[in-house]
Structure formats: structure tokens, C-alpha cells
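After the C-alpha cells below, expect a handful of questions from me.
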Amino acid sequence: GAGVSQTPSNKVTEKGKYVELRCDPISGHTALYWYRQSLGQGPEFLIYFQGTGAADDSGLPNDRFFAVRPEGSVSTLKIQRTERGDSAVYLCASSPRAPGTGELFFGEGSRLTVL
Amino acid sequence: SQQGEEDPQALSIQEGENATMNCSYKTSINNLQWYRQNSGRGLVHLILIRSNEREKHSGRLRVTLDTSKKSSSLLITASRAADTASYFCVNEAGSARQLTFGSGTQLTVLP
């Protein structure tokens, strides 16, 4: 596709459930980022991949959050034992270059609602 | 720590007027970027200004950078109702962790 694709666009789940959010970056982009955005706030950094490896996961709030990118392309953000406070829009971005060298291309986000 | 902090938090102007938003940052800089976000949508890159540049133009956008004051401004000239959105700055200081956004400026352009 032409842009960053995120699925699902909306996810409603119950407290305690497991959730997976998928990001399909622009073809050839080696850098991939996950952000979380709450209402009225800017995006909050979660994790950054360069290729297949998580180069920086310091933004993940706790060990219920995990992300993978096994083949260096599609990434999945996994949230275990969801809590109401996890409700937010989860944004994915990709870039052809390393941090500090160029723009990020964002997807439309996955809106997660935990009831 | 937030690497980009925008002000004002909210700005409301009439169509045709100019809109100016400011950004302050804390550390050294590789480049500074401005993004726009329409309500409920993803962020769209607007313009990038490098640390050795002082001013840059793109269409109706004008960005300035003052590294001595660690600040940048985004000017939108001849605003339109379609410019209504949130605007964010990001200081790329070479670390993924530092690609952190502030709360943004919510611009409302009234027709």
C-alpha cells in the first residue's frame, strides 16, 4: 500500500482481555515506531524498531505491553490483561531512516476502548 | 522529558488571518519537525527545518528556528477553515526516545 496501514481501526474489549494491534509500514521503511495518544494529549512514545530488533522499548509502560516485528516489516503491539487506562489511540509510524534524520509517516491509528 | 512543547495550547482566528504557533525544546537538535493532526486522524508531516537553517518556507507555511533560544515558530498565512487541526513540533535529537511530542496547539479557523 501507499501508506502505513493499521488494523483494526477500532477495538472494543473487556478489562482483562488480550489485544493485538497490527501495523503494516511503508514498504522498505526500516524504522518503525509505536505511540499512544490519549484524548487532548500528544502522542506518547512506546517503542522503536530498527529492522527486526526493538532498538528502544523504554516507552512501554509495563510488562503487559509487548511488540514484535519478526521479519522487519509488519509489527504487532500486544497488550495483556487490558485495563481501562489502556484506552487510547495507538499510532504506528515508519521511516526510511534512523531517528534524527527525517520525517515519520503515520498510520490512522487503532482506537482501543477497554470497558 | 518532552522534547517539544507548543504554545499557545489553543488558538482561534478568523479565516484569512495569520496563525503563529511556538515551540520550545530542551536539548541539542538535529532537526525540528512540525506535524499536523486532524481530529481522530493520524499525524501528517508538514515541514522539517535543520539545525543549521534559520527559516524555511513551504507554500503558506513559514518556519523559523532560533537555536540560541531553543525555540521554533510555525506561521500559517492566509488561514483557511481547513487548517483547523492540532499542530505538534518534534525535536529530533538523534534518539528514538526523544522523538516525543508535546500536547500541541489546537488551531481553530473560523469561516
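The values are calculated or read from the model by the stated rules, or taken from the named source; none is laboratory data. Note that the coordinates shown come from a computational prediction; the quantities given were computed from them, not determined experimentally. Neighbour counts are summed over all protein chains in view; Cβ atoms, including those assigned to glycine, are modelled from backbone coordinates with ideal geometry. Surface areas here come from the heavy atoms of the whole protein model, side chains and all, with no ligands, DNA or RNA. Shrake-Rupley method; radii C 1.70, N 1.55, O 1.52, S 1.80 Å.
Would you kindly find the accessible area of B:HIS57, with a 1.4 Å probe and non-protein molecules such as ligands, DNA and RNA excluded, rounding to the nearest 10 Å²?
120 Å²
Still on this structure, I have one more. For peptide B:83-90, compute the average count of partner chain beta-carbon atoms within 10 Å of each residue's beta-carbon.
Per residue, the number of nearby Cβ atoms from other chains is 1 on average.
Largest first, how would B:ASP66, A:ASP56 line up by accessible area (1.4 Å probe)?
B:ASP66, A:ASP56
Go through the stretch A:66-115 and name the GluC sites (Glu not before Pro) that are in a DSSP coil and have 10 or fewer other Cβ atoms within 10 Å of their Cβ.
A:GLU71
Here is a follow-up. So what does log10 I(q)/I(0) come out to for chain B at q = 0.15 Å⁻¹, using the Debye formula with one equal point on every Cα and no solvent?
The computed values of log10 I(q)/I(0) come out as -0.57.
Rounded to a whole number, what % of the accessible area of the stretch B:1-82 do carbon and sulfur atoms account for, probe 1.4 Å?
Summing carbon and sulfur atoms, their accessible area is 44 percent of the total for the stretch B:1-82.
Okay, moving on. In the neighborhood of A:TRP34, defined by Cβ-to-Cβ distances under 12 Å, what is the net charge if each Lys or Arg adds +1 and each Asp or Glu adds -1?
Computed value for this residue: +1.
Right, here's the next one. Which distance in nm do the two modelled labels at B:GLN9 and B:LEU61 give, with both placed 7 Å along the Cα-to-Cβ direction?
Taking the two extended label points, one gets 2.5 nm.
Rule-of-thumb check for the protein assembly as shown: C-alpha Rg over 2.2 N^0.38 Å?
Relative to the 2.2 N^0.38 Å estimate, the protein assembly as shown comes out at 1.01.
Take the Cβ-Cβ distance between A:THR13 and A:VAL68 as r, set R0 to 22 Å, and report the resulting FRET efficiency rounded to the nearest 0.05.
0.65
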